[in-house]
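Presented below is the structure to which this report refers.
The values are calculated or read from the model by the stated rules, or taken from the named source; none is laboratory data. This is a predicted model, so every value here is computed, not measured. Note: ideal-geometry Cβ built from the backbone for every residue, glycine included; neighbour counts use all protein chains shown.
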Amino acid sequence: GAGVSQSPSNKVTEKGKDVELRCDPISGHTALYWYRQRLGQGLEFLIYFQGNSAPDKSGLPSDRFSAERTGESVSTLTIQRTQQEDSAVYLCASSSVPGGNYGYTFGSGTRLTVV
Amino acid sequence: QKEVEQNSGPLSVPEGAIASLNCTYSDRGSQSFFWYRQYSGKSPELIMFIYSNGDKEDGRFTAQLNKASQYVSLLIRDSQPSDSATYLCAVKNTGGFKTIFGAGTRLFVKA
């Protein structure tokens, strides 16, 4: 697609429920990143996918968080048993260059609210 | 010490003035430096990247890098009200994959 597409744009969920967030990167972009941005704060790295290589999951905050990506296509970020501290904007970004040496293109984000 | 530090602001400048945004980083191995702009409620968008010491100009924007001082800045000339946003400084290592973002500086340009 022309840009990085994320869905849903907004999600309100009850504490304890599972949620799934989706990211469709720019066509041909091999690198895909998930970041989290809490209100008024900077971006927190979560996970990085590069082609068919094993992802780097070092930023995932707990085992309630997981992410998948098949090849160079869509990625899903799943949060199980959501907690109120999971409330944030989840941003996906992609890059045509491995490692994002020339910067990223971000999607519009998913605003997650856990009530 | 945070990996990437920015003054949170807000920085307020009059229309037409030069806005100067500053950033320091802790990892001397950092090689790539980025400035992103983030409007309220929107996602970040890349303005510029810089790799080498010195200045890099793109239109009204100039990025400045001093690796010895671990300092990177962004100058916005002829500031416009439409430049009002949060500016995020970001840093990554050569060969690394992860870009670390600062918390951002809020800029207000008064008409």
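Any residue at all in the range A:45-60 that is within 22 Å of A:K15 (Cα to Cα), polar (S, T, N, Q) and either at pLDDT below 95 or exposed (fewer than 14 other Cβ atoms within 10 Å of the Cβ) (or both)?
No, that holds for no residue.
Do we have any residue at all in the range B:34-41 that's modelled with pLDDT of 95 or more, closer than 30 Å to A:S9 by Cα and loosely packed, with under 14 Cβ neighbours inside 10 Å?
Looking for residues that are modelled with pLDDT of 95 or more, closer than 30 Å to A:S9 by Cα and loosely packed, with under 14 Cβ neighbours inside 10 Å, one finds at least one in the range B:34-41, hence yes.
Does the range A:12-20 contain at least one residue that is over 16 Å from the mean Cα position of the chain (by Cα), within 26 Å of A:V114 (Cα to Cα), more than 10 Å from chain B (Cβ to nearest Cβ) and assigned to a strand (DSSP E or B)?
Looking for residues that are over 16 Å from the mean Cα position of the chain (by Cα), within 26 Å of A:V114 (Cα to Cα), more than 10 Å from chain B (Cβ to nearest Cβ) and assigned to a strand (DSSP E or B), one finds at least one in the range A:12-20, hence yes.
Could you tell me whether A:E85 is among the acidic types (D, E) and either assigned to a strand (DSSP E or B) or touching a helix residue (DSSP H, G or I) at 6+ places or on another chain (Cβ under 9 Å) (or both)? Spell out the reasoning first.
On the way: among the acidic types (D, E): yes; either assigned to a strand (DSSP E or B) or touching a helix residue (DSSP H, G or I) at 6+ places or on another chain (Cβ under 9 Å) (or both): no.
In short, no.
Can you pull out the residues in the range B:74-111 that are crowded, with 18+ Cβ neighbours inside 10 Å, among the polar types (S, T, N, Q) and more than 10 Å from chain A (Cβ to nearest Cβ)?
B:S79, B:S84, B:T105
Regarding the range B:20-32, can at least one residue be identified that is of a type outside the set (A, V, I, L, M, F, W, C), within 21 Å of B:D83 (Cβ to Cβ) and part of a strand (DSSP E or B)? Write out each step before concluding.
Here is the first cut: in the range B:20-32, the ones of a type outside the set (A, V, I, L, M, F, W, C) are B:20, B:22, B:24-32.
Then drop every residue that is not within 21 Å of B:D83 (Cβ to Cβ), which leaves B:20, B:22.
Now restrict to residues that are part of a strand (DSSP E or B): B:20, B:22.
Yes; the residues of the range B:20-32 include at least one that is of a type outside the set (A, V, I, L, M, F, W, C), within 21 Å of B:D83 (Cβ to Cβ) and part of a strand (DSSP E or B).
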